Amino acid sequence: MVANAHPYGGPIPENYWRNRERRKKLRFAIAMLFALAWVVLSIWLSMPWLADLGALTHPILALVVLTFIAYVPGFMNAFLLVSLVLRPDAQRRTPQHWPSISVLVAAYNEEELIGDTLLSLSALEYPGELEIIVLDDGSQDGTTAVVQSCESLFAALPSRILRPVRREQNSGKAGVLNHGLELASHELVVTIDADTLLEPGCLTAMIERLEASPPGTVAIAGTVLVGNAFKSWITKAQQWDYFHGIAAVKRMQGMYDGTLVAQGAFSLYQRSALLEVGGWPDMVGEDIVLTWDLLNRDYCVGHAEDAIAWTMAPTTFRELAQQRKRWARGMIEALALHGSLLKKRRLSTMFIWWNLLFVSIDLAFTLAFIPGIILALFGIFWLAGPVTLLVLPIAALWNLVIYRIQMRMLKRQNIRMKRSVWGFVLFAFVYPLLMQPVSVWGYFAEFTGGKKQWNS
């Protein structure tokens with residue numbers, strides 16, 4: 001008996017989806033039990049620390065601090081670890097015919113990079129037709145001229161259509177993407193940033209991931225890695241953030257059909273779903289809010305772990321701080337608009353709660369743990385001491401697991417990625433101490449009604 005079929009593939013037996021759902025729930029239950037057991041162990045190990053801190057301050061304050069710098073992060077790390085260990089193989093299914101795709105490239109003052117981006121688009125090994133709409137959002141440099149000079153790249157490719165579109169006035173990222181959505185000819189829409197380089201097989205992997213996804217899947221987030229990792233120390237650290245942290249979280253969320261961010265830098269969407277939610281909202285975190293809107297309508301959002309694109313990461317701390325501040329503000333925007341997701345009866349609802357708890361975690365680390373580290377340097381171990389290493393060793397384990405997973409994935413695709421050892425040291429020991437205060441800055445800006453603009 002056939003219950004569900006994807007529009008581009010053949011029918012899928014009804015029991016396939018039932019078995020898939022059972023396996024998903026079993027993985028979730030195992031990960032949950034392990035995470036809860038880890039929290040119990042963490043509490044037991046930290047009792048002396050809790051008692052000492054409570055005597056120095058107040059028992060309730062001590063419990064709050066340890067909850068958000070040890071117990072809750074420990075639970076998250078443990079759940080993440082087990083989910084990664086139990087992960088299924090990359091879910092892919094070849095369609096009976098390859099659908100046409102409209103690719104939206106939002107660009108503003110990108111004359112230095114847009115040429116390389118279009119070159120990567122011309123080299124895509126995708127069997128279907130591609131409509132590439134380059135949306136120049138009122139650039140003041142030579143972006144339009146570079147796009148026009150690249151038209152020859154597509155002239156001999158009958159299944160590739162390049163459509164340069166220029167707006168005289170800048171309307172912002174959401175505005176220009178919505179304009180592109182109006183112009184798109186196909187049901188499937190892929191968005192990429194103008195500084196994003198695509199691996200040749202990435203769209204094939206993305207479509208095959210969509211075909212293997214449950215009915216109701218309307219978006220697939222691709223895998224974004226850092227393409228300019230050796231530009232500065234800041235990019236060296238970000239290489240590992242994308243390769244480890246962001247990749248691990250997206251893999252975990254994708255396992256439970258609830259990826260929380262289909263990032264604008266590289267994601268695929270059903271055009272009809274985008275029109276249903278009114279396109280991208282004019283907000284700081286337009287891709288976050290859009291994704292949560294889709295989830296709030298009971299759609300699924302997946303993740304294609306082997307659909308790889310390379311982004312040009314911020315090269316200075318100031319640029320990185322502005323970016324992460326925007327991400328933090330976007331999360332608060334999404335919570336404010338779609339807080340009802342916290343009441344949804346689905347496995348991925350837990351990740352919405354995690355995002356809510358990140359506010360308290362970042363505050364605890366910024367106001368308690370970081371000052372505690374400074375005190376520890378002077379031999380005062382009130383807030384950070386040797387027992388901290390006993391409470392949170394699980395982070396080292398999931399980093400090892402995701403490293404092995406990611407390296408095997410790159411090897412399967414014959415992709416070589418030069419890695420910075422010192423960048424990993426910076427990512428592991430310094431990066432969080434810098435980024436969590438930045439997130440607090442973003443929360444404060446959002447709660448106090450700070451000006452909303454792309455570089456705010």
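So for segment 101-343: antiparallel DSSP bridges make up what percent, rounded to the nearest 5?
Given both bridge residues lie in segment 101-343, the antiparallel proportion sits at roughly 25 percent.
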Hey, got the dipole for segment 277-320? About the Cα centre, +1 on K and R Cβ, -1 on D and E Cβ, debye to the nearest 20? 100 debye
Furthest towards positive pole of dipole, GLY216, ILE234, HIS179, structure part segment 101-343, Cβ charges: ILE234
Reciprocal mean inverse distance between Cα atoms of segment 308-406 - Kirkwood radius, Å: 17.0 Å
What ranking do 129-137, 36-44 get when scored by the average of other Cβ atoms within 10 Å per residue, highest first? 129-137, 36-44
Cα-centre dipole for segment 101-343 with unit charges at Cβ (Lys and Arg positive, Asp and Glu negative), debye to 20: 720 debye
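Between ALA90 and THR315, what length comes free when the chain is fully extended (0.36 nm per residue of separation minus the Cα-Cα distance, one decimal in nm)? Don't skip to the end; give the middle numbers.
Values: separation 225, 0.36 × 225 = 81.00 nm, distance 3.20 nm.
Taking 0.36 nm per residue and subtracting the Cα distance, the gain is 77.8 nm.
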Might you report the magnitude of the Cβ-based charge dipole of the chain about its Cα centre, with Lys and Arg at +1 and Asp and Glu at -1, to the nearest 20 debye? 1600 debye
Stokes-Einstein diffusion coefficient of the chain, Kirkwood radius over Cα pairs, 10 °C, 1.306 mPa s, in µm²/s: 69 µm²/s
State whether segment 101-343 is rounded, prolate or oblate according to the following rule on the C-alpha gyration tensor (a ≥ b ≥ c being the square roots of its eigenvalues): a/c under 1.5 gives rounded; otherwise a/b larger than b/c gives prolate, and the remaining case gives oblate. rounded
Under 8 Å for C-alpha pairs, at least 6 residues apart: give me the relative contact order for the chain, rounded to a whole percent. 18 percent
In this structure, among LYS25/LYS325; LYS173/LYS418; LYS250/LYS418, pairs with alpha-carbon gaps over 28 Å are LYS25/LYS325; LYS173/LYS418
Helix-only mean residue ellipticity at 222 nm for the chain, each DSSP H run of n ≥ 4 adding -39500 (n - 2.57), per residue, nearest 500: -16000 deg cm²/dmol
Aspartates and glutamates whose Cα lies under 18 Å from that of LYS343, excluding same-chain neighbours fewer than 8 positions away: ASP257, ASP293, ASP298, GLU333
Expected sort for 315-326, 277-288 on mean C-beta neighbours within 10 Å, highest first, is 277-288, 315-326
What residue among LEU203, LEU342, SER272 has its Cα farthest toward the positive end of the dipole of the chain, where the charges are +1 on Lys, Arg and -1 on Asp, Glu, each on the Cβ? LEU342
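No lab work stands behind these numbers, since they all come straight from the coordinates. Every value quoted in this text rests on a predicted model; they were computed, and no experiment measured them. For neighbour counting, all protein chains shown are included, and Cβ atoms are generated from backbone atoms with ideal geometry for every residue, glycine included.
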